[in-house]
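Visitor: Pasting in a structure now, in structure tokens, and then I'll have a few things to ask.
The values are calculated or read from the model by the stated rules, or taken from the named source; none is laboratory data. All of these numbers come straight from a predicted model, not from anything done at the bench. For neighbour counting, all protein chains shown are included, and Cβ atoms are generated from backbone atoms with ideal geometry for every residue, glycine included. With ligands, DNA and RNA removed, areas are computed over all heavy atoms of the protein, side chains included. Shrake-Rupley method; radii C 1.70, N 1.55, O 1.52, S 1.80 Å.
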There are 2 protein chains.
Amino acid sequence: MDWKKEIKDAYNRIEPHVHQTPVLTSSYINSLTGAEVFFKCENFQKGGSYKIRGALNATLMLSEAERAKGIATHSSGNFAQAVSISANITGTEAHIVMPENAPVIKKQATQDYGSQVYFCESTLTAREETLHQVVADTGASRLHPSNDIPVIIGQGTCAYELIEQVADLDYIIAPIGGGGVGAGTILTTTSYAASIQVVGAEPANADDAYRSLEAGEIQASLAPNTIADGLRTQLGDNNFPIIKDGIHSIILVTEEEIIAAMKLVWNRMKIIIEPSSATTLAVVLKSKDMFKQKRVGLIITGGNVDLTKLPF
Amino acid sequence: MDWKKEIKDAYNRIEPHVHQTPVLTSSYINSLTGAEVFFKCENFQKGGSYKIRGALNATLMLSEAERAKGIATHSSGNFAQAVSISANITGTEAHIVMPENAPVIKKQATQDYGSQVYFCESTLTAREETLHQVVADTGASRLHPSNDIPVIIGQGTCAYELIEQVADLDYIIAPIGGGGVGAGTILTTTSYAASIQVVGAEPANADDAYRSLEAGEIQASLAPNTIADGLRTQLGDNNFPIIKDGIHSIILVTEEEIIAAMKLVWNRMKIIIEPSSATTLAVVLKSKDMFKQKRVGLIITGGNVDLTKLPF
């Protein structure tokens with residue numbers, strides 16, 4: 001595929017409907033890390049995360065006939081909201097399969113957008129089966145949060161926007177969960193700014209991507225026990241080859257490091273970022289020598305946090 | 001005084017040293033309130049609050065000889081940090097009297113800036129006496145957080161910047177505590193945009209300004225029991241006449257309304273605002289008819305919150 005063209009087309013496709021999110025800096029954090037750190041703030045994006053970029057790009061790439069039948073996914077988190085908003089933007093219907101035990105606030109938010117919500121048991125099998133039935137019943141197009149190529153390309157528009165906003169970055173650090181934004185970022189840098197190294201940030205307690213790189217094939221995410229709830233998923237067959245070929249490295253961070261980085265940003269920058277996003281700053285704080293005097297972009301993936309369950 | 005000139009001069013004086021803070025909007029909050037709401041985000045200001053504007057303006061207006069002897073104040077909150085930063089910017093020394101029972105995080109922050117900190121009992125008498133002694137010993141210039149004219153004018157630069165950023169506002173809502181930013185805002189609107197009405201937001205549990213307006217003279221703030229810790233103080237003899245003559249009204253909000261507004265902003269806008277700032281949105285939510293289809297600027301005074309003691 002002509003990734004360079006695909007990414008630019010995706011950007012032009014979604015740009016009228018999404019926010020151009022700001023890039024923020026903190027002189028305190030720069031002095032603390034010795035790096036120049038640029039926060040690409042997708043926590044201010046529609047739905048509170050970058051996920052709208054991929055969901056909307058994929059939805060807009062469907063034919064009119066396909067789109068008329070709706071879009072469907074299973075998600076307990078940010079992708080559910082992204083698909084719901086994409087349906088509203090494009091005038092179609094969203095069918096969302098959610099586990100019964102999803103947080104009330106996320107169930108409510110998804111229903112508030114007017115989406116059809118289907119509850120099921122929280123196992124992956126139950127979610128897949130329920131989604132399969134929904135798709136069979138409705139003819140809706142199924143969207144995968146991190147492994148569909150149109151979704152991956154859409155997530156890449158975040159880095160595309162970042163490198164338009166900030167020149168001469170040395171590194172971009174992206175959280176690695178399902179692999180969508182990691183792969184999308186790599187497609188963007190290799191197409192538009194090949195001198196930028198992409199580093200993955202992953203919780204040590206959910207280190208399946210790190211192990212996958214070592215093994216050379218996708219390793220399962222087994223019982224991930226991390227506060228970074230967006231990063232508990234595992235890589236997919238479309239994004240793994242891109243990540244394997246293009247990533248500089250994956251750096252693991254502990255739960256304590258994630259929470260400390262999150263608290264630092266809340267306290268100093270007065271913005272709300274979710275734990276998955278805090279992994280990126282935790283990487284910089286942990287590997288100061290590597291990033292010293294470098295210009296480092298952080299993909300701040302989202303800001304959806306349950307305020308009644310904070311780790312501090 | 002030529003307030004119009006004073007405010008512009010103050011803005012030009014401090015502008016090289018402070019942040020031009022952004023104005024944010026939320027389509028969700030607009031649809032919820034029926035108003036067009038503009039958040040003037042001084043939570044992103046240096047030191048995490050607007051207080052630097054007044055402190056720095058006053059410091060820069062001192063003579064070289066005065067400034068060489070340092071600046072002094074008593075404060076347990078945002079003004080302590082503002083004076084500390086002002087001292088660093090101008091190359092002088094800050095002497096800060098703080099009550100022993102001030103939050104550890106604020107004690108630490110003030111010391112981190114390199115200020116001389118003097119601890120005393122938490123009574124107003126002890127604070128005044130300690131400060132009196134510090135000034136006698138050092139010859140430092142005393143700064144009052146809300147009643148010195150150069151401080152009030154400096155706080156007015158926040159509204160000055162806001163009306164440059166957003167045209168045709170109908171209202172500006174400012175929290176009323178000691179009265180500094182309220183009076184400064186009124187001086188700015190009467191000088192530069194006389195059609196804008198200034199509304200004060202005050203906790204019902206610290207309603208001394210509301211009562212002062214009714215009585216026509218300053219009423220004491222007696223045992224204020226509000227989460228809006230920046231608004232527990234009372235008006236001063238310099239700012240009260242300005243407020244009395246120029247304010248449209250003061251609207252009282254309950255603790256529950258303050259917390260709900262704060263939570264709404266954190267959840268939807270992903271920015272951290274302190275309870276004192278949330279009073280302004282609480283006013284809009286409480287008085288929807290008054291602000292319906294109006295363009296309303298909110299002075300978001302700061303974002304300094306103890307994350308370990310949140311009300312939700």
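Visitor: Taking a label point 7 Å out from Cα toward Cβ, give me the nm distances from residue A:225 to the same spot in the other copies, shortest first, one decimal.
Guide: Residue A:225 label point versus its equivalents elsewhere: 4.3 nm.
Visitor: Can you give the Rg/Rh ratio of the protein assembly as shown, where Rg is from the C-alpha atoms and Rh is the Kirkwood radius? Don't jump to the answer; show the numbers that get you there.
Guide: Numbers: Rg = 26.0 Å, Rh = 25.8 Å.
Taking Rg over the Kirkwood Rh, I get 1.01.
Visitor: Whole Å is fine, so just give me how far the alpha carbon centre of the stretch A:78-153 lies from that of the stretch A:245-312.
Guide: 27 Å
Visitor: What 222 nm value per residue comes from the helices of chain A, counting each DSSP H run with n ≥ 4 as -39,500 (n - 2.57) and dividing by all residues, nearest 500 deg cm²/dmol?
Guide: On the way: 14 runs with 149 residues, N = 312.
Calculated from helices alone, the mean residue ellipticity at 222 nm is -14500 deg cm²/dmol.
Visitor: What does the charge count around residue B:263 come to, taking other residues whose C-beta lies under 12 Å from its C-beta (Lys +1, Arg +1, Asp -1, Glu -1)?
Guide: Every neighbour counted, the sum reads -2.
Visitor: With a Förster radius of 41 Å, plug the Cβ-Cβ distance of residue B:112 and residue A:214 into 1/(1 + (r/R0)^6) and report the FRET value to the nearest 0.05. Spell out each step's value before the answer.
Guide: Values: r = 42 Å, r/R0 = 1.01.
Result of the calculation: an efficiency of 0.50.
Visitor: Figure the gain on full extension for residue B:137 and residue B:124 (residue separation times 0.36 nm, minus the Cα-Cα span) and round it to one decimal in nm.
Guide: Working: separation 13, 0.36 × 13 = 4.68 nm, distance 1.99 nm.
Residue separation times 0.36 nm, minus the Cα-Cα distance, leaves 2.7 nm.
Visitor: What does the convex hull of the Cα atoms of the stretch A:61-121 come to per residue, in Å³, rounded to a whole number?
Guide: Values: hull volume 4.1 nm³, N = 61.
Hull volume over Cα atoms, normalised by residue count, gives 67 Å³.
Visitor: Could you check the spin-label model distance between residue B:292 and residue B:4? Points 7 Å from the Cα along Cα→Cβ, value in nm.
Guide: Taking the simple label geometry, residue B:292 and residue B:4 are separated by 3.6 nm.
Visitor: Can you give the mean number of other chain Cβ atoms that lie within 10 Å of the Cβ atoms in peptide B:78-89? Before the final figure, lay out each step's value.
Guide: On the way: counts 0, 0, 0, 0, 0, 0, 0, 0, 0, 0, 0, 0.
Mean shielding count: 0.
Visitor: Please work out the FRET efficiency for the pair residue A:222 and residue B:27, using the Cβ-Cβ distance as r and a Förster radius of 45 Å; give the result to the nearest 0.05. Write down the numbers at each step before the final one.
Guide: Numbers: r = 41 Å, r/R0 = 0.91.
The pair residue A:222/residue B:27 has a calculated efficiency of 0.65.
Visitor: Also, I was wondering about something else. Only Lys, Arg, Asp and Glu count, each charged at its Cβ (+1, +1, -1, -1), so figure out the dipole size of the protein assembly as shown about its Cα centre, rounded to 20 debye.
Guide: So the dipole magnitude of the protein assembly as shown works out to roughly 500 debye.
Visitor: What is the sum of charges, Lys and Arg at +1 and Asp and Glu at -1, for the other residues whose Cβ falls under 13 Å from the Cβ of residue A:49? Don't skip to the end; give the middle numbers.
Guide: Details: positive: A:40, A:46, A:51, A:53, A:106, B:270; negative: A:42, A:229, A:274.
Computed value for this residue: +3.
Visitor: For chain B, what is the charge dipole size about the Cα centre, in debye to the nearest 20, if Lys and Arg each add +1 at the Cβ and Asp and Glu each add -1 at the Cβ?
Guide: Here the size comes out at about 740 debye.
Visitor: Comparing B:109, B:228, B:206, which has the greatest mean-square fluctuation in the GNM of chain B with Cα pairs linked when under 10 Å apart?
Guide: B:109
Visitor: What's the long-distance tail for chain B, i.e. % of Cα pairs beyond 25 Å?
Guide: On the way: 21584 of 48516 pairs.
Percent of Cα pairs beyond 25 Å in chain B: 44.
Visitor: Right, another one. What FRET efficiency do you get for residue B:204 and residue A:168 if R0 is 51 Å and r is their Cβ-Cβ distance, rounded to the nearest 0.05? Could you put the intermediate results ahead of the total?
Guide: Numbers: r = 53 Å, r/R0 = 1.04.
The pair residue B:204/residue A:168 has a calculated efficiency of 0.45.
Visitor: I've got another one for you. Over the stretch A:52-142, with the other protein chains present, what is the accessible area per residue in square angstrom, probe 1.4 angstrom? Could the numbers behind the result be given before it?
Guide: On the way: 3960 Å² over 91 residues.
Per-residue accessible area for the stretch A:52-142 comes out at 44 Å².
Visitor: If you keep only loop residues by DSSP, which trypsin sites (Lys or Arg not before Pro) in the stretch B:203-312 have at most 14 other Cβ atoms within 10 Å of their Cβ?
Guide: Working: sites: B:211, B:232, B:244, B:263, B:268, B:270, B:286, B:288, B:292, B:294, B:295, B:309; in loops: B:232, B:270, B:292, B:294, B:309.
Passing sites in the stretch B:203-312 are B:292, B:309.
Visitor: Of A:124, A:143, A:169, which has the largest mean-square fluctuation in a 10 Å C-alpha GNM of chain A?
Guide: The residue with the greatest mean-square fluctuation here is A:124.
Visitor: Still on this structure, please answer the following. Against the longest alpha carbon principal axis of chain B, how many degrees, from 0 to 90 and to the nearest 10, is the axis of helix B:124-138 turned?
Guide: That helix lies at roughly 50 degrees to the long axis.
Visitor: Now for a different question. With the label 7 angstrom out along Cα to Cβ, how close does residue B:142 come to the same site in each of the other copies, in nm, nearest first?
Guide: Label-point distances to the other copies, shortest first: 7.5 nm.
Visitor: Under a crude label model (7 Å from the Cα following the beta-carbon direction), how far is residue B:63 from residue A:190 in nanometres?
Guide: Inter-label distance under the simple model: 7.0 nm.
Visitor: May I ask for the net charge around residue B:176, where only other residues with Cβ less than 11 Å from the Cβ of residue B:176 are counted and Lys, Arg are +1 while Asp, Glu are -1? If you can, show how the numbers build up before the last one.
Guide: On the way: positive: none; negative: B:202, B:207, B:208.
Once positives and negatives cancel, what remains is -3.
Visitor: So, one more: Put a label point 7 Å from Cα along the Cβ direction on residue A:124, then list its distances to the equivalent points in the other copies in nm, shortest first.
Guide: 6.4
Visitor: To continue, here is another question. What is the extension gain from residue A:249 to residue A:237, computed as 0.36 nm multiplied by their sequence separation minus the C-alpha to C-alpha distance, in nm to one decimal? Walk me through the numbers before you get to the answer.
Guide: On the way: separation 12, 0.36 × 12 = 4.32 nm, distance 1.88 nm.
Full-extension gain reported as 2.4 nm.
Visitor: What's the average, rounded to a whole number, of partner chain beta-carbon atoms within 10 Å of each residue's beta-carbon in B:264-271? Don't jump to the answer; show the numbers that get you there.
Guide: Values: counts 0, 1, 5, 9, 2, 6, 16, 7.
That average works out to 6.
Visitor: With springs connecting C-alpha atoms under 10 Å apart, model chain A as a Gaussian network and identify which of A:22, A:145, A:203 has the largest mean-square fluctuation.
Guide: The residue that fluctuates most here is A:22.
Visitor: What chymotrypsin sites (Phe, Trp or Tyr not before Pro) does the stretch B:153-259 have in DSSP loop regions with at most 15 other beta carbons within 10 Å? Write out the running numbers ahead of the final one.
Guide: Numbers: sites: B:160, B:171, B:192, B:210; in loops: none.
Answer in residue order: no site qualifies.
Visitor: As a test of the definition: with a 1.4 Å probe, what buried accessible area, both sides summed, do you compute for B against A, in Å² to the nearest 100? List each step's numbers first, then the result.
Guide: Details: alone 12920 and 12920 Å², together 24320 Å².
Accessible area lost upon association: around 1500 Å².
Visitor: Quote the charge dipole size of the stretch A:52-142 about the Cα centre in Debye, to the nearest 20; the model charges only the Cβ of Lys and Arg (+1) and of Asp and Glu (-1).
Guide: On the way: 7 positive and 9 negative charges, 54 e Å.
So the magnitude is around 260 debye.
Visitor: GluC sites (Glu not before Pro) within the stretch B:164-230: which are DSSP loop residues with at most 13 other Cβ atoms inside 10 Å? Present the calculation step by step, with values, prior to reporting the outcome.
Guide: Numbers: sites: B:164, B:214, B:217; in loops: B:217.
Those satisfying the criteria are B:217.
Visitor: Follow-up. Pick out, from B:271, B:77, B:285, the residue whose Cα sits farthest towards the positive end of the charge dipole of chain B, with +1 on the Cβ of Lys and Arg and -1 on the Cβ of Asp and Glu.
Guide: In chain B, that residue is B:271.
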